[in-house]
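Below is one structure, written out as structure tokens; comments come after it.
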Amino acid sequence: MTIQHLPELEFGRLFDLRTNKAIEQASADPEAAARVLLIAAEYLRQHKPLPYQLADYLADAFEAAMAKAPEKRLADLGFELNLKSRNKRPHKLTISSAYAIVQQNYHLVDQSGDYPNVKTPPLLALLQKKGACSVSHARSLLDRIDKALRDEAAMISNTSTTTP
């Protein structure tokens with residue numbers, strides 16, 4: 001994707017704020033985890049595609065639970081969906097916060113390739129500083145944002161090639 005296609009990449013289409021807020025709270029609050037599943041049910045009943053973070057949340061939980069021994073899968077699915085608490089402390093820097101930082105500092109995004117690359121050292125350092133988090137957590141957030149941007153770019157590219 002070239003720089004002239006950037007206006008087509010609407011940040012709002014990548015993340016549903018209501019879903020993201022519930023996911024962020026889910027690791028510390030089983031009621032928020034239940035809200036995440038109810039939001040997923042809404043999307044499914046309306047036959048709408050799931051927002052990226054919701055699809056990833058569910059897929060990660062299913063994959064992690066199914067990797068366990070058959071007798072432990074059901075219990076582990078409850079943990080992976082955060083319906084059962086492991087008493088984990090949530091990260092200070094969440095995906096929505098990181099996304100907002102990337103939006104506000106878009107000038108730090110590498111735009112020299114076929115599509116915008118958010119995984120730059122200046123953005124990594126900025127996320128680490130503003131979020132008071134580890135390098136690995138900041139890098140993980142940038143990876144998730146980059147994946148969402150790539151998926152969105154691919155979707156737009158496929159739509160524009162099929163449109164008469």
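The values are calculated or read from the model by the stated rules, or taken from the named source; none is laboratory data. This structure is a prediction, so every number in the text was calculated from the model and none was measured. Glycine also receives a Cβ, built like all others from the backbone with ideal geometry; neighbour counts cover every protein chain displayed.
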Go through the range 125-155 and count every residue that is small (Gly, Ala, Ser), in contact (Cβ under 8 Å) with a residue 40 or more places away in the chain and under 20 Å from Asp16 (Cα atoms).
-> 2
Within the range 1-22, track down each residue that is in a loop (DSSP other than H, G, I, E, B) and modelled with pLDDT of 75 or more.
-> Asp16
Counting only residues that are more than 18 Å from Asp151 (Cβ to Cβ) and in a loop (DSSP other than H, G, I, E, B), the range 23-76 contains a total of 8
Does any residue of the range 89-104 turn out to be assigned to a loop (DSSP other than H, G, I, E, B), of a type in the set (Lys, Arg) and either modelled with pLDDT of 80 or more or more than 22 Å from Leu141 (Cα to Cα) (or both)?
-> no
Taking Ser112 as meeting all but one of (1) assigned to a helix (DSSP H, G or I); (2) hydroxyl-bearing (Ser, Thr, Tyr); (3) at pLDDT 80 or above, write down the number of the exception.
-> (1)
Of the numbered conditions (1) surrounded by fewer than 17 Cβ atoms within 10 Å (Cβ to Cβ); (2) part of a helix (DSSP H, G or I); (3) more than 20 Å from the chain's Cα centre (by Cα); (4) at pLDDT 85 or above, Asp143 fails exactly one; give the number of that condition.
-> (3)
So, in the range 101-122, of the ones that are under 17 Å from the mean Cα position of the chain (by Cα) and without any contact (Cβ under 8 Å) to a residue 40 or more places away in the chain, which residue ends up surrounded by the most Cβ atoms within 10 Å (Cβ to Cβ)?
-> Val118
